[in-house]
Amino acid sequence: MKPRNRWLSAYAVVVYVFLFAPIVVLILFSFNSSRANFQWEGFTLDWYPTLFKNRRLLDAVSVTLRVALVAVVVSTVIGTLLGLALARVRFRGRAAAETLLLVPMVTPEIIMGLSLLVFFFAAFGGRGSFGQLALAHITFCISYVAIVVRARAAGMNPQLEEAARDLGASAFGAFRYITLPLIRPAIVSGALLAFALSFDDYVVTTFNAGVGSSTLPLFIYSKVKFGVTPEINAISTIIVAVTAVAVLVAWRLNRRRDDETLVVAEPEAEPGRP
Amino acid sequence: MAVEPPIGGLATPAPGPSDIDAAAAAGGGRRRAPIGNRLVSGILLVPGIAWLLVFFVVPVAMIFVVSFGSRGPLDSISLEHLSLDNYRRALDPVFLPTLLNSLRYAAATTILSLAIGYPIAYWISRYGGRNKTLLLIIVMLPFWTSYLIRTYAWQIVLRDNGVVNSILMAIGVTSEPIILLNTDFSVILGMTYGFLPFAILPLYVSIDRLDPALVAAARDLYASGRAAFLHVTLPLTMPGIIAASILTFIPAIGDFVTPDILGGSETTTIAKVVQELFLQGRDWPYGAALGFMLMLLTLGGTLLAIGPLRREVGGL
Amino acid sequence: MTHEHDGSTIDLEQALDRYLLERRITRRQLLERIGAVGAAAALAPIIAACTSSAASPSPAPSASAAASAAASAAAPSPSAEPTPVPSPEAELNIYNWTEYIGENTIPSFEAKYGVKVNLDFFANTDEAYAKLGNDGGGYDLSFPISVDIPAFVAKGALLELDKSLIPNLKNLGAEWADPKYDPGNAHSMPYMWWTTGIGYDTTKVTDTPTSSKALWDPRYAKHIGMLDDYQEVFGLTLIQLGYDANTSDLGQLDEATALLEQQKPLVRVYTTNTREMMSSKDNWIGHIWGADIYTIQESNENVLYYIPEEGGVKGSDTMAVFSGAQHPIAAHLFINHMLDAHVSADNTNFIYYMGPNAAAKAFIDPAILSDPSVNPDQEIVAKLQELIDLGPELRDEYQKRWHQLGR
């Protein structure tokens, strides 16, 4: 085992503190008895029950999570396929495809949001809805997933797959048992990115959400004018807590499977071997 | 050289040789293992390309057409006389300061994100052990709260009677609060914070697949720690660095929320101007033109910037 | 016109604030208690405090006004319904600012007519207008600013209102019967009105400013806040220079731009979140809307408001039904509900903005009615200028200069 590098570990701690500082402040102020979100007045648990009575806030959270779920699943699948293709397949117009991947990212959100508004209205007479919102979110997430997967897949040794084929595996088999596990970190990373993007999206959502499909960012942003109440802090705290628990559980379950595939597919991951 | 790194950057005509391969085939041919037959290629490509074509290219093309139009009566869009007028107006030098602001912030954010993100990604990969994924997810955890709220939280930390100033005054470093909020500093801090996971994730992905045996080999061959890093680790993780740069720089140029909340009187960005033209000015054609110019600039700038990076890495 | 508080008012204010602080409740919560418990019980400690200190005439009238308000809650109130009451659709889609409506307004409407109200929020009007488009974008009712009504009407975006469904419009004050932006209230009903002026923190700004030039005072460098609204900012500056707030004279506009250029290095932030602008104590003096003073004072009680002596700006917004409305009857009934004297008073008491409803005045918290930041005297209001729809070419000129200022 490598000896721990003390400086690096200390640095890591500092970075984690930096990342969590605003979150700690956020959680702390969810117990603030003042409506104003930046002046500490006193401790109270009241905001939590209040928030559960706020029908619109809960609806917004529900929509946000559902849209994010759909967006993550679909964009991760499509983005992974695309990323793989760009990394491994030689085809005509590849450069164009690569650029196509970049363009959604450079497009100002207002243009993306309005263009979808106009498009859906012109094509389907759509006026904003859950479905429209989900489609919009998927669209801007694909590029991010594809780029991350591409980076990892491009660095992968193609010989491994070839070896599997030589040994009689089908194309799909080689993909499933060799390629997929090797790019899995990238897929997970892409999915995480997509979730963060979708969950927080404001501009594109503004123009594509319809009546009854308002999301949490819209809800919060609209409170900007009158001051963000600690209710919002409370819901954010709950979301962080739930996510943390869910992720922990998923990770523990996953770890078991990981151990088995590690031996087969990741010889490089064992440190210390010459 | 002993090692030719694989290139995972953009617009490569073909992926470079794998690292194991390179040792045996210095300067030699590039071996490619094409993924199966056309059917497989189709399955991989079609969903993504088709989706982007339908839900991205077509809608944006519609707005692109609008950019050649003009604002009609009652703020409608008139496509009667298509012209380049809006683009000419978009080149107005009055936008230069805001454009420079955007570029400055995006560049600073990207550099800082890379500088901060690389060591942490390295740490997670090398020392995370079994908890690697967990540590990575903990990095992402803050980003599943609302972006707006997190940015507000920075206000609480940075304002005149906020956390930082209170501490500084309590320990006697200063008697008057230092103006931290509504400055370039607060904007860059906020943006870096916001985009850090966008940098850490691809960096991690790339660093993680680095074979530590290679570094060990370099050390065995009498390379110093620093040399091993510069000539082995860094080039081999370049795909990740490039991906991280792209995923940070590009959205950063379009970010107007952070400068809006944490910025002050002199921190307006071009993204906000575009937004304003659409919404407050109700001039969609003009806004579209400025928006597309911005896109062109960003895309061109990014491709230009990546080019030298890849060349420096060697081989291509 | 006096903005200074005369001795008696300060006593009541101080006593009230002390009372509230001790009990850690806001003014609003106090009002709720008044309604629930009865004026005497809630106000008794205050009256006791006031009469025990210097004797002053005003506590008595205020107390009795509040008492009569509570009493008349039981008596029949000015609220009418159309006859016969039409049956509304099952739902109603409303698009509004956050928290820009009384807490009970929608629940009471839902209970009364059995209509399910879907309420969505927006953060600024420009975004909302883009969403509303030419026919409401799926929403039945929204709250456009009055200056924008002519443009909406010209686009055919608004339904002409069926006055027979809105008998409560008789509650409107006489001055609102025929506004310039919508003659005869044919397409909209006024909702709230306000003034724009200046707020300052008395602990940091030691003299009592009366001019808008105070926003240019170098003593407050980097602690000045301005609204992030080009029409408001130019309006303020043009008035300070003695011009029309909506001038089409480009020379005057350039003068204003130059003045704003001078101000820019002194400004800390441009924002429409006035509450934060003045509450966070980063800003000592700011360009704010008068009615926001209440929410500001909840966090920073040292902030006072004044309308510049050079003159100022006033504005209002409206409720309007859109041409694509799927639930027009419910929308009309809702407007009628909003014009009910009690409901209108509830709205005012909750959001602290003044409405146009004359009949509601009997039920509005007297502290709000007597507060010159929310409800200045009519003679002052009459002298204020309104911001109008500049039209595309002039709007471009203003925006160009706004961009020059780096916004």
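Just so it is clear, none of the values below were taken in a lab; they were calculated from the coordinates. Predicted model, so just to flag it, every value in this text is computed and none were measured. Cβ sites come from the backbone with ideal geometry, for glycine too, and all protein chains shown count toward neighbours.
Per DSSP H run of n ≥ 4, the term is -39500 (n - 2.57); total these for chain A, divide by its residue number, and report the mean residue ellipticity at 222 nm rounded to 500 deg cm²/dmol.
On the way: 12 runs with 202 residues, N = 274.
Value at 222 nm, helices only, nearest 500: -24500 deg cm²/dmol.
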Cross-link pairs beyond the 21 Å C-alpha cut-off, checked among C:LYS131/C:LYS314; C:LYS222/C:LYS314; B:LYS272/C:LYS314; C:LYS180/C:LYS314; A:LYS223/C:LYS314: C:LYS131/C:LYS314; C:LYS222/C:LYS314; B:LYS272/C:LYS314; A:LYS223/C:LYS314
Based on the alpha-carbon gyration tensor of the range C:293-407 and its eigenvalue square roots a ≥ b ≥ c, which shape applies: rounded if a/c is under 1.5, prolate if not and a/b is larger than b/c, or oblate? oblate
Which lysines, if any, have their Cα less than 18 Å from the Cα of C:LYS170, not counting same-chain residues under 8 positions apart? C:LYS361
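Can you give the Rg/Rh ratio of the range C:232-353, where Rg is from the C-alpha atoms and Rh is the Kirkwood radius?
With Rh from the inverse mean 1/r over Cα pairs, Rg/Rh is 1.08.
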Alpha carbon centre of the range A:156-219 versus the range B:49-126: separation in Å? 25
For C:LEU172, enumerate residues with amide H under 5 Å from its amide H, sequence gap 5+ or separate chain, H modeled in the peptide plane. C:ALA358
Once amide H atoms are built 1.01 Å from N in the peptide plane, which residues 5 or more positions from C:ILE288, or in another chain, come under 5 Å H to H? C:GLY197, C:ILE198, C:GLY199
Under 1.5 on a/c is rounded, so check that first for the range A:51-243, then, if it is not, pick prolate when a/b is larger than b/c and oblate when it is not; a ≥ b ≥ c are the square roots of the alpha carbon gyration tensor eigenvalues. prolate
Which ³J(HN,Hα) values in Hz, rounded to whole numbers, follow from the phi angles of the range C:393-405 under the Karplus curve 6.51 cos²θ - 1.76 cosθ + 1.60, where θ = phi - 60° and Gly and Pro get x? 5, 5, 4, 4, 4, 5, 5, 4, 6, 5, 5, 4, 6
Each residue of the range B:39-51 in turn: what ³J(HN,Hα) in whole Hz from Karplus with 6.51, -1.76, 1.60 and θ = phi - 60°, glycine and Pro shown as x? 4, 4, 4, x, 4, 6, 8, 4, x, x, 5, 4, 4
Give me the extension gain from C:THR83 to C:ASN302: residue separation times 0.36 nm, minus the current Cα-Cα distance, reported in nm with one decimal. 73.9 nm
Mind listing the phi-derived Karplus ³J(HN,Hα) values for the range C:130-142, rounded to whole Hz, using 6.51, -1.76 and 1.60 with θ = phi - 60°, and x for any glycine or proline? 4, 5, 5, x, 9, 8, x, x, x, 9, 8, 9, 9
Degrees separating the helix A:180-200 axis from the principal Cα axis of chain A, which is the longest one: 20
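Between C:LEU241 and C:ARG219, what is the FRET efficiency for a Förster distance of 22 Å, r being their Cβ-Cβ separation, to the nearest 0.05?
The pair C:LEU241/C:ARG219 has a calculated efficiency of 0.50.
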A student applying the Cα gyration tensor rule (rounded when a/c is under 1.5; otherwise prolate if a/b is larger than b/c, oblate if not) would label the range C:120-206 oblate
